[in-house]
Structure formats: C-alpha cells, structure tokens
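The block underneath contains the structure these notes are about, expressed in structure tokens.
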Amino acid sequence: MPLTRRALIMLGAAATLAGPTLAACGSSLSGVQLRIATGGPGGVYFTLGSRLADVWQEQLGVARKVHQTNGSVDNLTQLRNNQADVGFVAADAAASRDAATGRPAADGLRALARIYDDYIQVLVRDDSPIQELSDLRGRSVSIGSANSGVKVVSTNLLAVAGLPETSPDYHLDTLHESLDRLVAGQRDALFWSGGLPTPDITATMKDHRDQLRMLDLSTLRLKNLTYYNVETVPATAYPQLKQGDKPVSTLAVHNLLMVREDMPADEAQALVRSLFDAQPDLATDRDQVVALAAQLIDRRSAIETRPIQLHDGALEYYRSAKV
C-alpha cells in the first residue's frame, strides 16, 4: 500500500525520471497515490490527463491512476468524496451548485492552474434548417451525458436562448452516442464542450465530410455568465465540416486543474511545478490532441482561476516563479 502523503513528500530530492526528454522538477512524491479524474476516452480531458499522469509519475514518482469519468460534474463529486485527488473541471461547472445538496459544487476545493479553454461546439446536419439555438425548440437534442460539464453548458445556453432547461426532447448522450445519432438522423443537434480538435468529432468527420456544420454562438446575450467568452474555431480545427474553409465564432470556457483544499501545500506546489517544467515537451507531443492543449498552458494565465481560489501550494509556486 502507498504510504501517507505527508510521510512521502520530500521536496528537493532528485526526481524519478523515466523519459529522456522531460526535465526533472527537483521534487519527489515517490509512492504517493494520485488519482486523476479526467473524462471520456473521446475527449481532451482524458487524453491530456493520461499524458499528464505519465509526467507526474515520471518526474515525481507518484503511483498514478487515471479515472475515466463523465466530465466536470462527475469530477467535482469525486474530488469532494475523496475518490480523486486531481480533477479536470470547467469553470462554469465549478461555479454551479450541487443538484442534490444545493451547496456550491466546489465546496472545499481549490485550483492548481487554469489550463486550456474548452470550445462550446453545437453541431447540426448541414441539410437542417437550424441556424441558431432558438431554432432547437421542439427538436431532438443531445445535451451531454449525466453529471457532465457539457450538460451544465447546454442547460445554461438553452436558457439564454429562451428555451426550457428541461424537455423530453433533450437527451443525455455521450459524445460518441450523440455523434452516431446525429448523423443517423435520430438527433437534430448536439452540444459538446472540449478542446480543439476533439478526437471523436474528428473521427466522425472523416466518414461524413461536409455533412455536419457548427452553429455560430457569438450573438447570444450572456447576461451574468461571465465565465464564457466569444472565441473563434479556426478552419484548421475541423476541415471536414461543411464550413471547414471558414472560421466559426463560438463561446469558450476555461478549464481548471482542481484539488481538495486539504492537499499538503508542498504536494500541490510540486504538481504545479512539474506541469510547467513539462509544458514545452507536452506542447510538442506526438499526440496532436495533447500538443494543441498544452500549447495553451501558460504561467501568466494559469493564475486566473476565478471563480475558484488558488490552492496555497500553487500560489507559493507562482510567487516563486514571479508570475
């Protein structure tokens, strides 16, 4: 069995390094159990989280375990229930309240870093008359899987568009299910929130070139939803989309790496330091999904974790790095 965290944290020791290209970060958490809540296998959370787990194992010697989950809401629950130690969480989900208890979803949790932004992607078939979210009224829509950040996004934006938050026309589907059902004509639209490009979407586009398109979301009046901002999906992200030769304006929400507030400060500091020591190598990773997400991880923006407070250990790192 792994020893306790505090007994094993030895800052300043030589890092365990299994790979030749990643620089040691000067810390060791040898034997510490690190459970990482990510997402589904077709999304960026799982792909990047799995690679980051490898980095922490190689550089710090942790005994890591990657959890496939439904995404942000599921990850928040696992963190609060001590089923995970690090979780990928979208800021809108972190700002929400737990449906069962009514308490803040991030109660007792803190942030290590803001990482890359998720792009909100609403896909429809090209032959559909749907042009904006308000056109989804009475339509069959995939709104994400249960306990996912996608469901938080879809609920928020459907309400902004004047549609009901719940409807028999809304379906809880995984991304893989929703893509299959959309191209089969069983769904009229799907919501997804993820990095660019999302592997499952890319794979579907290869077999259904020019059959799907993405809605423009830039005209939505977001009111007090300050964690969303207008961004552009470049044409290079999904060249097989119908409008693949043109960029699409949509919304983005930033992602956070989150932990419990009771994580030892030196452990949190070591995790953040390792993340940024490895960032140049991750940004050139052979896996394009990992590389594109890692290219957006930056020390200067990493401290912008609102609405979640930084963990004290993470704050110590940023101060030592003079961010």
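So how many residues does region 165-194 have that are in a loop (DSSP other than H, G, I, E, B) and at pLDDT below 95?
Adding up the residues that qualify gives 3.
What about residue 162, is it at positive phi and of a type outside the set (S, T, N, Q)?
Taking the combined requirement at face value, the residue satisfies it.
Please verify whether region 26-35 includes one or more residues that are open to solvent by 30 Å² or more (accessible area, probe 1.4 Å), in contact (Cβ under 8 Å) with a residue 24 or more places away in the chain and within 15 Å of residue 274 (Cβ to Cβ).
Within region 26-35 (the criterion being open to solvent by 30 Å² or more (accessible area, probe 1.4 Å), in contact (Cβ under 8 Å) with a residue 24 or more places away in the chain and within 15 Å of residue 274 (Cβ to Cβ)), the answer is yes, since at least one residue qualifies.
Do you know which residues across region 234-250 are assigned to a loop (DSSP other than H, G, I, E, B) and over 20 Å from the mean Cα position of the chain (by Cα)?
Listed by number, the residues that qualify are 235, 236, 239, 240, 241, 242, 243, 244, 245, 246, 247.
Picking from 117, 74, 92, which residue would you name as being within 21 Å of residue 228 (Cα to Cα), among the acidic types (Asp, Glu) and part of a strand (DSSP E or B)?
When all the criteria are applied, what remains is 117.
From (1) touching a residue at least 60 places away in the same chain (Cβ under 8 Å); (2) under 25 Å from residue 237 (Cβ atoms); (3) open to solvent by 30 Å² or more (accessible area, probe 1.4 Å); (4) in a loop (DSSP other than H, G, I, E, B), pick out the condition that doesn't hold for residue 144.
Going through the list (1) touching a residue at least 60 places away in the same chain (Cβ under 8 Å); (2) under 25 Å from residue 237 (Cβ atoms); (3) open to solvent by 30 Å² or more (accessible area, probe 1.4 Å); (4) in a loop (DSSP other than H, G, I, E, B), residue 144 breaks only (3).
Contact list please: Cβ distance under 6 Å, first residue in region 205-233 and assigned to a loop (DSSP other than H, G, I, E, B), second residue among the hydroxyl-bearing types (Ser, Thr, Tyr) and open to solvent by less than 50 Å² (accessible area, probe 1.4 Å), pairs at least six apart or on different chains.
If the second residue must be among the hydroxyl-bearing types (Ser, Thr, Tyr) and open to solvent by less than 50 Å² (accessible area, probe 1.4 Å), the pairs left are 216/249; 217/250; 218/249; 222/228.
Mind checking which residues of region 100-127 are under 25 Å from residue 212 (Cα atoms), over 16 Å from the mean Cα position of the chain (by Cα) and crowded, with 17+ Cβ neighbours inside 10 Å?
122, 123, 124, 125
Take residue 154 and tell me if it is part of a strand (DSSP E or B), hydroxyl-bearing (Ser, Thr, Tyr) and buried (at least 17 other Cβ atoms within 10 Å of the Cβ).
Spelling it out, it is not the case that residue 154 is part of a strand (DSSP E or B), hydroxyl-bearing (Ser, Thr, Tyr) and buried (at least 17 other Cβ atoms within 10 Å of the Cβ).
Can you name the residue in region 288-322 that is open to solvent by 60 Å² or more (accessible area, probe 1.4 Å) and among the charged types (D, E, K, R) and is also farthest from residue 258 (Cα to Cα) among such residues?
In this case the residue turns out to be 322.
Would you confirm whether any residue within region 264-273 is closer than 21 Å to residue 48 by Cβ, free of Cβ contacts under 8 Å to residues at least 60 places away in the same chain and surrounded by 15 or more Cβ atoms within 10 Å (Cβ to Cβ)?
No, region 264-273 contains no residue that is closer than 21 Å to residue 48 by Cβ, free of Cβ contacts under 8 Å to residues at least 60 places away in the same chain and surrounded by 15 or more Cβ atoms within 10 Å (Cβ to Cβ).
Which of (1) crowded, with 16+ Cβ neighbours inside 10 Å; (2) out of contact with any helix residue (DSSP H, G or I) (no Cβ under 7 Å at 6 or more places or on another chain) is the odd one out, the single condition residue 259 does not satisfy?
(2)
The values are calculated or read from the model by the stated rules, or taken from the named source; none is laboratory data. Nothing here was measured: the structure is a model prediction, and the numbers come from that model. Quick reminder, even Gly has a Cβ in these numbers, built from the backbone with ideal geometry, and neighbours come from all protein chains shown. Each accessible area value is taken on the protein alone, full model and side chains, heavy atoms only, with ligands, DNA and RNA left out. Shrake-Rupley method; radii C 1.70, N 1.55, O 1.52, S 1.80 Å.
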